[in-house]
Amino acid sequence: MNTIFKTNDDLKKNDFFIFLPKTYKIAPINISDICKFEDLKEITSQKQVLLKNTLNFSGNVLLWGAKGMGKSTLVKSVIKYINIRYKKNYKLIEILNNNIGDLTEIVYELSKLNTKFIIFIDDISFKNNEDNFMYFKSLIEGSLLSHISNVKYYVTSNLRHLSHLGADSKFNDIEEKEASQNLVSLSDRFESWIGFYDSNQEQYLNMVKHYSKKASIEYSKELEKLAIQWSLEKGNFSGRSSYQFIKKFKKKTKS
């Protein structure tokens, strides 16, 4: 009998979960409002790579790069898309950064179940000398637990190598080279890297057009002007900004 999920029915009836360290349980989460896989624009190649990898359950994935370009949303939406369209039964479990130390017990318990799990860690970063850095590196590749076939890791980060030396680090030339190699050694253990890059104004407005159509909002020069003003306030042309703008505009017009 499984003990890590809050109830046995939870695993059967839900696709999305989060680990709760205080109770040491994995609990279901309803994310019905997540942006659909089909509605994520300007990241076509990234979507194709993650879709193929997930369908084949073929390896651990690092999604890295620009903020607000859909890394986390893509992970969640691809699970929902695959489970509906391809009749899969994948389960996504989010582990927060400060709970990485609990992964040994979590993965061991998951290995007993006849279900495929993706452990999702969002916006991760380490310092070179951090205990969790070495621990997680071993879990990805090296530990006996890294050979468990029904668990994969999907990790997002703004940093390509998930880590940095830290401003207070003091090394001589040899030590700095070794420390840098150690940082790279973690990201190298992922089978697939998917990069996300800043979008430009044209791409941003294409996303605004798409989301406005989905929200039954007429796209006009005035809406475009407001969207550009919004992006300037946000300081970027990201997919997140375009999505947030339309949500706010729709809410404002309803009130």
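Computed from the coordinates by the stated procedures, all read-outs in this text should not be read as laboratory data. From a predicted model like this one, the values you see are computed outputs, not experimental measurements. Cβ sites come from the backbone with ideal geometry, for glycine too, and all protein chains shown count toward neighbours.
Binned at 10 Å from 0, what are the whole-percent values of the Cα-Cα distance distribution for segment 79-155, short to long?
17, 50, 26, 6, 0
By how many degrees, between 0 and 90 and to the nearest 10, does the Cα long axis of helix 221-234 differ from the longest principal axis of the chain?
30
What is the pair-distance distribution P(r) of segment 1-125, computed from all Cα-Cα distances in 10 Å bins starting at 0, with each bin given as a whole percent?
11, 45, 35, 9, 0
Take every Cα-Cα distance within the chain, group them into 5 Å bins from 0 onward, and report for each bin the whole-number percent of pairs it holds.
Calculated over all Cα pairs of the chain, the distribution is 1, 5, 12, 15, 16, 15, 13, 10, 7, 4, 2, 0, 0 percent.
Can you give me the long-range amide H partners of Lys25? Hydrogens built in the peptide plane at 1.01 Å from N, cutoff under 5 Å, separation of 5 or more residues or another chain.
The list, which skips near neighbours in sequence, is Leu20.
List the residues whose amide H sits under 5 Å from the amide H of Tyr153, counting only those 5 or more places along or on another chain, with H placed 1.01 Å from N in the peptide plane.
Asn60, Val61, Ile119
Just name one of Val107, Ile140, Met69: the one whose Cα is farthest towards the positive end of the charge dipole of the chain (beta-carbon charges, Lys/Arg +1, Asp/Glu -1).
Of Val107, Ile140, Met69, it is Met69.
Which whole-number percentage describes the relative contact order of segment 201-254, with Cα contacts under 8 Å and a sequence gap of 6 or more? Before the final figure, lay out each step's value.
Values: 37 pairs, mean separation 25.2, N = 54.
Relative contact order for segment 201-254 comes out at 47 percent.
Evaluate the relative contact order of the chain (contact order divided by residue number), counting alpha-carbon pairs under 8 angstrom at least 6 apart; express in whole percent.
On the way: 358 pairs, mean separation 56.2, N = 255.
22 percent.
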